[in-house]
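Engineer: Take a look at this one; I'll ask things after.
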Amino acid sequence: MGEFITNLLNNAIPIELYLAVSTVVFFVGVYGFLSRKNMIMVLISIELMLNAADINFAVFNRYLYPHQLEGFYFTLFAIAIAAAEAAIAIAIIINIYRKVNSIYIDENVSSMKH
């Protein structure tokens, strides 16, 4: 096991491993978005999907343009946008909770129609 870790640290990690991690993170986010009834968990699932896209930006920048930083800058910009989106979404969820006293999607949809 120690030899594997040493070889892994000394050699470059293949792009397929990065893309596999990104794919798993993205589909965990999709599953969470489609299956959760709590608004906070849906927000976390959306953040997971955005993080998977950020991993892809950084990986493709590293492998396609190793001496340029545009992919990393775009990733930092996407992280900033995701933070702003999370802050706005949490504010909306707090306002919904104040009105309806629940953060579950099933209960809020029927009560917010009127």
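Engineer: Need one word for the stretch 25-65: rounded, prolate or oblate. Basis is the Cα gyration tensor (sqrt eigenvalues a ≥ b ≥ c); a/c below 1.5 gives rounded, then a/b vs b/c decides. Could you put the intermediate results ahead of the total?
Structural biologist: On the way: a/c = 6.57, a/b = 3.29, b/c = 1.99.
Prolate, because a/c is 1.5 or more and a/b exceeds b/c.
Engineer: Note the full-extension length gain between Val21 and Asp106 as 0.36 nm times their separation in residues minus their Cα-Cα distance, in nm to one decimal. Could the numbers behind the result be given before it?
Structural biologist: On the way: separation 85, 0.36 × 85 = 30.60 nm, distance 3.18 nm.
27.4 nm is the gain from fully extending Val21 to Asp106.
Engineer: In a shell of Cβ-Cβ distance under 10 Å around Ala82, excluding Ala82 itself, what net charge do Lys and Arg (+1) and Asp and Glu (-1) give? Working shown, then result.
Structural biologist: Numbers: positive: none; negative: Glu47, Asp54, Glu85.
Here the count lands on -3.
Engineer: Count charges around Ile55 for me, please; just the other residues with Cβ under 14 Å from its Cβ, Lys/Arg as +1, Asp/Glu as -1. If you can, show how the numbers build up before the last one.
Structural biologist: On the way: positive: Arg62; negative: Glu16, Glu47, Asp54.
Spelling it out: positives minus negatives among the neighbours equals -2.
Engineer: Rounded if a/c is under 1.5, else prolate if a/b beats b/c, else oblate: with a ≥ b ≥ c from the C-alpha gyration tensor eigenvalues square-rooted, which is the stretch 2-111? Kindly include the intermediate steps, with their values, before the conclusion.
Structural biologist: Numbers: a/c = 3.65, a/b = 2.16, b/c = 1.69.
Taking the square roots of the gyration eigenvalues as a ≥ b ≥ c, the stretch 2-111 is prolate.
Quick note: the coordinates plus some simple rules give every number you see, no bench work behind them. The structure presented is a predicted model; accordingly, all values stated were derived computationally and were not measured. We place every Cβ from the backbone using ideal geometry, glycine too, and count neighbours over all the protein chains shown.
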